[in-house]
Each structure stands twice: as structure tokens, then as C-alpha cells.
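First comes the structure, then the notes that go with it.
The values are calculated or read from the model by the stated rules, or taken from the named source; none is laboratory data. Keep in mind that what you see is a predicted model, and the values were worked out from it rather than measured. Positions of Cβ are backbone-derived with ideal geometry, glycine not excepted, and every protein chain shown enters the neighbour counts. Side chains are part of the model used for accessible areas, which takes the heavy atoms of the whole protein and leaves out ligands, DNA and RNA. Shrake-Rupley method; radii C 1.70, N 1.55, O 1.52, S 1.80 Å.
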Amino acid sequence: MRYPDGGGLTVKQRARREQVRFEAAELFAQGVTLPQVARRLRVSRKSAYAWHARWRDGGVEALRSKGPSGCPSRMKPEWRAWLAAELEKGPAAHGWMEDQRWTLARVATVIARRFHVRFSPAQTWRILRQMGFSVQVPVRRAAERDEEAVATWIKETWPRVERR
């Protein structure tokens with residue numbers, strides 16, 4: 001997807017774009033040529049021409065934002081609060097005793113068990129990212145880590161790989 005929030009602009013970004021279109025409408029009303037409008041507002045000529053056509057047919061209201069694009073998420077806002085609380089409890093609270101890591105598949109399973117809605121791993125990741133979660137790395141190094149082997153690999157193997 002083009003945008004970092006998974007498929008669209010934030011509310012603040014949409015408001016800023018809408019403000020630029022309103023500025024364009026003011027310039028259209030003043031009789032400024034479309035190429036000049038594009039230059040002044042630092043937008044493409046194509047956008048200026050499209051906005052002008054919409055403004056001419058429907059006035060300033062035609063330039064108002066239509067809101068976020070795409071289908072609304074099946075993950076309701078009240079479900080997100082519940083999910084955040086459940087993730088804080090940890091995987092063991094949901095039956096995964098072998099390790100204490102949340103995976104996308106596990107999170108999707110917890111959601112499916114509670115709300116009977118299945119999400120793909122990609123959609124689960126978008127939901128978690130929108131909720132403010134991020135990829136985490138372990139606090140401690142693995143007990144099995146062999147510092148000598150790591151140093152050897154860095155000195156001997158890495159230079160060969162890097163040359164490629």
C-alpha cells in the first residue's frame with residue numbers, strides 16, 4: 001500500500017488536502033489561471049484541472065473531503081479495546097504455554113474465537129499497527145548464543161557475502 005496507515009490518509013492529512021482544495025477554489029473565483037493555481041499550491045496541473053471541473057459543477061462543497069476510502073474495517077473500535085487488554089494478559093492466558101510470544105496467527109485466532117471474524121495475517125498486522133503495537137525484539141540474547149562462532153562469522157563469512 002502507498003500510505004503508512006495501511007491504505008489511506010489520516011484525518012489530519014485529509015483535512016490538509018481539503019484545505020488546499022479550498023484555497024484552489026478561492027483562486028478559481030479570483031480568475032487565476034489553472035497552471036498558476038497548480039504552481040502556487042504546488043500540485044499537479046491534472047489536480048488543478050480536476051478540482052476546477054468539480055468546483056465549476058458543484059461549487060466549494062464539491063471539493064469537500066468524502067472521508068476515508070475503501071470499506072470500513074470489520075474490526076470494530078470496541079473490539080480493539082478488548083483486544084489490547086487481552087494482549088496484555090499474554091499468550092498463556094489464551095492457551096499457548098510453549099512460549100510467551102504473540103504471533104500474527106495467534107492474535108488472529110484470539111480475535112476469531114471471541115468475535116467469529118477471521119483476519120489474514122496482513123490484516124491482523126494492519127489492525128495491530130493502527131492500535132499502536134510494533135514489532136518487538138527479545139530483551140535478552142539467546143542462552144545458546146556462541147560468541148566465538150559469531151566473531152568468526154563476522155571476520156570470515158561476512159566479508160565474502162558483502163563483496164557480492
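Considering region 88-111 alone, what residues qualify as being surrounded by 14 or more Cβ atoms within 10 Å (Cβ to Cβ) and polar (S, T, N, Q)? Don't jump to the end; show me each part of the working.
We begin by selecting, within region 88-111, every residue surrounded by 14 or more Cβ atoms within 10 Å (Cβ to Cβ); these are 91, 94, 96, 102, 104, 106-111.
THR109 - this is the single residue of region 88-111 that is surrounded by 14 or more Cβ atoms within 10 Å (Cβ to Cβ) and polar (S, T, N, Q).
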Residue list for region 41-63, restricted to those being among the basic types (Lys, Arg) and not in a helix (DSSP H, G or I): ARG42
Go through LYS66, LYS12 for me and flag whichever is open to solvent by 100 Å² or more (accessible area, probe 1.4 Å) and assigned to a helix (DSSP H, G or I). LYS12
Of residues in region 112-134 being assigned to a helix (DSSP H, G or I) and of a type in the set (A, V, I, L, M, F, W, C), the one most open to solvent (accessible area, probe 1.4 Å): TRP125
Is at least one residue of region 135-145 closer than 18 Å to LEU87 by Cα, assigned to a loop (DSSP other than H, G, I, E, B) and touching a residue at least 12 places away in the same chain (Cβ under 8 Å)? no
Write out, first by first residue and then by second, each pair whose Cβ atoms fall under 7 Å of each other, whose residues are 6+ apart or on separate chains, and whose first residue, in region 73-93, is farther than 11 Å from MET131 by Cβ while the second is part of a helix (DSSP H, G or I). GLU86/VAL110; PRO91/ARG106
Output the qualifying pairs, or none if there are none: Cβ atoms under 6 angstrom, residues six or more apart or on different chains, first residue in region 95-124 and touching a residue at least 12 places away in the same chain (Cβ under 8 Å), second residue polar (S, T, N, Q) and surrounded by 11 or more Cβ atoms within 10 Å (Cβ to Cβ). LEU104/THR124; VAL107/THR124; ALA108/THR124
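Listed residues ALA85, ALA38; which is assigned to a helix (DSSP H, G or I) and loosely packed, with under 12 Cβ neighbours inside 10 Å? Spell out the reasoning first.
Details: ALA38 fails: loosely packed, with under 12 Cβ neighbours inside 10 Å.
Of ALA85, ALA38, the one residue that is assigned to a helix (DSSP H, G or I) and loosely packed, with under 12 Cβ neighbours inside 10 Å is ALA85.
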